[in-house]
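For reference, the structure I am asking about is given below.
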Amino acid sequence: MSRRSFPIMAAAVALTAASLVPQAAAQPGPVADPLPAPAPSGIGVQLREIARLPQSSTTPAAGDSRLKQHNRINYLGEVPDGSGRFFVPDMNGKLHTLGRDGSGQRTYLDVRAAIGANFHNHQGLGSGFGFVAFHPDFKRNGRFYTAHTEAKDALKNRKPDLPSPSNAVVHGVITEWTATNPAASTFTGARRELLRVGFAMYLHGFQEIGFGPDGLLYLAVGDGGIGYRSDVPQDVKVPQGKILRIDPAGTNSGNRKYGIPPSNPFLGRPGALAELYAIGVRDPYRFSWDNGRMFLGHIGEKVVESVYEITPGANLGWGQREGHLTYRRNDPKCQLYPLPADDAKFGYTYPVAGFDHNRPNGGCGDSGNALIGGFVYRGTAIPALQGKYVYGEGVKGLLYYAEEKDMRAGAPIAKTFELAVHDSAGKRTTMRELAGKSRVDLRFGTDAAGELYVLAKANGKIWKVTGTVQTLEACDSGDDVVRDVTAASDWKPVTPSRWRFPGTEVVLSKAGAARPGPRRPNEYAVVTKGPAFGNVVVDAQVRLDTPVSQKDRDVVIVFGHQSDTRFYYVHLSSDNKSYPHNGIFLVDNADRLRIDDQWNGSTGAPPAVTDMKWHRVRITHCADTGVIAVHLDGSSQPLMTARNTVLKSGRVGFGSFDNVGRVADLRITGKAATAETTASPEVFPGIASAVVNHYDFEHPSASDPKKEDDIGRADSRTPITLVNGGAAMRTADGAFPGSKTSLQLKQVRPSTKSNDDWKAGVYSSSGVASMKAFGKARGISVMTWVKITGEAPARNSNSSGSSDFYGAIGIAGVLSGNSDGHAARALLETENHDGAMRLIALGRRIDGGDKQFFVANADWKTLLPPGKWVFLTGTFDFDNGTIGLYVDGRPVEGSYAVKGDPWKVIGAPEPDLTSATNPRGIKIGGSHPQNNREVNACNCRLDGLMFLDRAVSAEEVRAQYDWVTRGSGL
């Protein structure tokens with residue numbers, strides 16, 4: 001839209017770039033802000049608890065409170081034997097297995113018991129049973145590998161295999177275990193020690209161990225806690241502070257217990273250990289692989305937490321560098337500095353993602369921040385996360401992501417975004433709340449399908465990431481602005497005599513009194529300057545002028561105001577233990593209704609106003625989704641949140657119940673409200689703006705009843721023809737409450753060679769101009785209700801054989817730009833796949849290019865039972881190369897039929913879009929809407945058919961289903 005000002009200016013709303021260049025080199029002194037704070041992502045992840053593992057403790061009891069959690073689980077993986085078993089190591093000693101749903105928990109191996117008295121787990125955060133890696137061929141050879149720590153007699157009686165400090169306080173040990181029966185539920189078999197390394201302190205020892213795509217074993221080895229004051233990480237003669245790579249099946253190492261891969265980058269370098277793969281690391285806590293690329297989550301010393309892409313021979317610079325900045329060993333304030341002008345000559349590898357943290361009051365020491373590496377999401381259940389490297393901050397339990405495509409060694413650091421957390425019911429929460437402690441000790445896991453899991457040592461629980469929730473930050477706030485609202489003419493008070501307008505602020509100088517009607521703020525004034533707003537961001541400074549020594553003081557900010565009895569307001573109070581105080585409320589021709597997520601029945605968010613000082617408030621309201629958030633005094637975390645879709649637009653105001661106060665620097669940024677939307681009440685508001693074409697089969701064309709009008713987007717109206725059956729195809733059988741009519745599709749003469757099937761659509765060999773939204777599109781979604789009403793699949797009417805059936809059932813789709821009436825850009829259908837009929841979502845990004853199919857696992861009649869209405873959705877994200885398939889609002893399990901990259905989305909240019917051509921039309925109930933051939937007829941009914949110009953999220957699919965079946969929305 002064009003920028004407008006009300007009355008004198010326009011907003012300058014800048015979109016944040018996808019990546020950023022470190023600013024260090026431009027600064028001559030210490031770098032105050034090494035990296036920007038992770039930005040709001042617009043995505044929230046939904047977590048479903050699947051298990052809680054048994055409580056455990058250190059032996060003996062630890063003195064460090066950080067080791068006193070419910071247990072010390074630190075990873076989840078899937079045993080690579082096809083059994084579906086998950087494995088979870090507990091650093092206190094046991095290796096657990098469990099089923100996908102959390103059932104069948106058992107101890108597979110007690111490492112502590114097997115090692116005996118030398119097992120050490122009570123000093124150092126990394127001590128104990130640190131990690132386990134199953135051999136990729138475990139099903140056949142039964143081998144897996146563990147890392148654990150030993151002390152006591154081991155320090156005297158066991159000699160490290162690689163150079164180690166003479167004063168080592170702990171040994172890190174890599175052990176190979178061979179199961180007699182790999183399928184057994186508990187371990188029996190043999191073990192042998194592969195490698196032993198000594199460390200100078202009880203921290204930063206062996207961290208993750210794991211097999212790479214080359215079948216070799218990688219060992220992430222910390223600096224032993226002394227890299228901050230020594231050259232150990234840069235010393236290629238020692239293993240500490242390095243990534244090692246070994247071949248467990250070989251014997252050409254110094255101790256003859258493992259092999260040295262001939263391609264190791266330091267092999268043959270004078271004085272260097274042959275095991276080295278990369279050097280210069282501090283605490284290389286977690287690594288993972290994505291399409292052959294190794295990403296390492298690296299915990300920093302001072303202020304920078306980093307993710308690196310590890311390549312052979314890489315030097316991360318620790319000891320001389322922290323992240324992308326210069327580390328000075330003896331700096332008393334733990335500051336970091338710009339890189340030197342000749343930095344290139346050192347050849348250091350710098351981070352591809354990360355974040356920083358400011359230490360309270362400066363100085364050194366543990367700041368309670370730790371980057372926990374994660375995974376690039378390559379699962380199929382959550383399209384919104386596809387291609388994102390999901391990682392986190394472990395202590396507080398914050399979830400982040402960066403785009404994998406932006407994470408390139410030598411390129412600018414990819415921007416990090418924060419993921420909101422929602423519980424299984426979709427309610428906004430935090431990992432601290434889910435874990436029940438302020439120290440979460442967050443960890444990640446993944447299964448064989450690439451789906452993600454979150455773990456917390458705090459309460460020993462495991463959650464599966466089941467979906468995403470569109471959050472406030474994704475809302476387009478618009479660029480219409482109102483500000484400089486300090487004149488009396490800019491406001492409409494309830495009681496003008498109670499207000500003063502001195503010129504720089506607006507003052508409620510006399511407290512209001514209760515008024516007849518619904519319970520609502522006694523006195524407020526509404527801004528009349530400029531328009532009413534839909535999506536809106538309200539920024540203001542507010543002050544309470546009533547002494548807070550008096551009980552229950554408050555000011556309120558009004559938004560979405562449509563009348564004196566219809567509006568939202570935020571109540572900012574010194575009290576949070578009473579229903580009317582310190583929350584978000586809706587007044588809808590009735591007493592105010594509390595709607596914020598924080599109210600638990602007795603307590604709400606922390607008190608917002610506890611003094612008579614100015615406070616900066618930001619209120620964001622995304623009218624499309626109903627998401628509301630309140631931020632106070634610049635905090636990146638909202639004080640209050642809510643979700644409510646009752647009011648779509650309105651004005652902004654300020655006031656109080658029965659106190660006095662003032663507002664200054666009020667700025668309103670958003671989308672000016674327009675006339676009431678024409679979107680059907682059958683469409684969930686959160687997706688309404690994406691609906692291009694919508695057919696409810698209750699709007700016959702006034703000029704031709706054999707055509708159905710499109711009730712979708714005003715500038716994209718595309719009437720369709722009801723082919724062969726005309727008006728008779730409209731049937732009094734609505735799919736959901738409020739619907740009266742559906743569209744009957746059928747094969748008229750199944751046993752005769754013919755072309756008279758009832759179908760619908762539109763076709764133009766030159767493209768349908770009104771469907772231009774689907775050209776150069778990042779995504780498409782197809783939503784419809786469907787009921788099978790006859791023989792399916794239909795008989796092949798192009799042959800005379802009575803037992804010849806079509807190999808597919810066409811449901812609905814958008815045609816490609818060069819289609820003859822059959823080829824589709826986005827299509828829902830059933831099709832014979834590998835000898836069985838399956839429900840399928842089919843997409844084609846490029847006209848004439850390869851198709852990709854997402855094929856449901858279940859039998860199609862299980863998903864589309866004859867005689868029953870089913871809500872069917874297909875989402876096609878052409879930029880990320882993913883397809884989603886949903887039945888009744890829930891994801892359908894399945895797989896992609898075409899391996900590799902059929903849509904050609906890997907590599908430049910970005911983003912990946914569909915062909916620029918206008919689609920040649922829409923096909924409904926078979927192919928060839930121009931009616932020149934009968935193919936894949938559908939004996940079925942359709943209702944509520946919609947085509948959208950983006951790939952909607954799983955949560956939005958569910959919301960649409962709920963919206964029409966229960967009217968609940970999100």
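Which pairs turn up if I take residues in the range 123-134 that are buried (at least 22 other Cβ atoms within 10 Å of the Cβ) and look for partners that are small (G, A, S) and modelled with pLDDT of 95 or more with beta carbon separation below 6 Å, at least 6 apart in sequence or on another chain?
As it stands, the answer is G126/G205; F129/G93; G130/A147; F131/A147; A133/G210, since those pairs meet every condition given.
Here is a follow-up. Just to be sure, is T645 in contact with a helix residue (DSSP H, G or I) (Cβ under 9 Å, 6 or more places away or on another chain), surrounded by fewer than 21 Cβ atoms within 10 Å (Cβ to Cβ) and touching a residue at least 40 places away in the same chain (Cβ under 8 Å)?
Criteria met by T645.
Identify the single condition in (1) within 19 Å of A384 (Cβ to Cβ); (2) modelled with pLDDT under 95 that T446 does not satisfy, given that it satisfies every other one.
The single condition T446 does not satisfy is (2).
Just one of (1) buried (at least 23 other Cβ atoms within 10 Å of the Cβ); (2) of a type outside the set (F, W, Y); (3) in contact with a helix residue (DSSP H, G or I) (Cβ under 9 Å, 6 or more places away or on another chain) trips up L942, so point out which.
Every listed condition holds for L942 apart from (3).
Restrict the check to the range 748-771 and report whether at least one residue is surrounded by fewer than 17 Cβ atoms within 10 Å (Cβ to Cβ), under 33 Å from the mean Cα position of the chain (by Cα) and in the same structural domain as V814 (by TED's automatic domain parsing).
no
Provide a single number: the residues in the range 536-555 that are at pLDDT below 90 and either surrounded by 21 or more Cβ atoms within 10 Å (Cβ to Cβ) or in contact with a helix residue (DSSP H, G or I) (Cβ under 6 Å, 6 or more places away or on another chain) (or both).
Looking only at that region, the number is 1.
Please specify each residue of the range 894-904 satisfying the condition of being over 24 Å from V935 (Cα atoms) and either of a type in the set (G, A, S) or buried (at least 20 other Cβ atoms within 10 Å of the Cβ) (or both).
Correct list: G894, S895, G900, W903.
So which residues in the range 848-893 are touching a residue at least 60 places away in the same chain (Cβ under 8 Å), more than 18 Å from V952 (Cβ to Cβ) and buried (at least 19 other Cβ atoms within 10 Å of the Cβ)?
L864, W869 - these are the residues of the range 848-893 that are touching a residue at least 60 places away in the same chain (Cβ under 8 Å), more than 18 Å from V952 (Cβ to Cβ) and buried (at least 19 other Cβ atoms within 10 Å of the Cβ).
Related question: Name the residue, out of G82, G116, G93, G104, that is touching a helix residue (DSSP H, G or I) at 6+ places or on another chain (Cβ under 6 Å) and at positive phi.
G93
On to the next question. Return the only residue of L828, L839 being surrounded by 19 or more Cβ atoms within 10 Å (Cβ to Cβ), touching a residue at least 24 places away in the same chain (Cβ under 8 Å) and touching a helix residue (DSSP H, G or I) at 6+ places or on another chain (Cβ under 7 Å).
L839
Follow-up question, since we're still on this one. Is there a residue being surrounded by fewer than 19 Cβ atoms within 10 Å (Cβ to Cβ), touching a strand residue (DSSP E or B) at 6+ places or on another chain (Cβ under 8 Å) and of a type in the set (F, W, Y) anywhere in the range 719-737?
yes
The values are calculated or read from the model by the stated rules, or taken from the named source; none is laboratory data. Because the structure is predicted, anything quoted here is derived from the model rather than measured. Cβ atoms come from the backbone with ideal geometry, glycine included; neighbour counts cover every protein chain shown.
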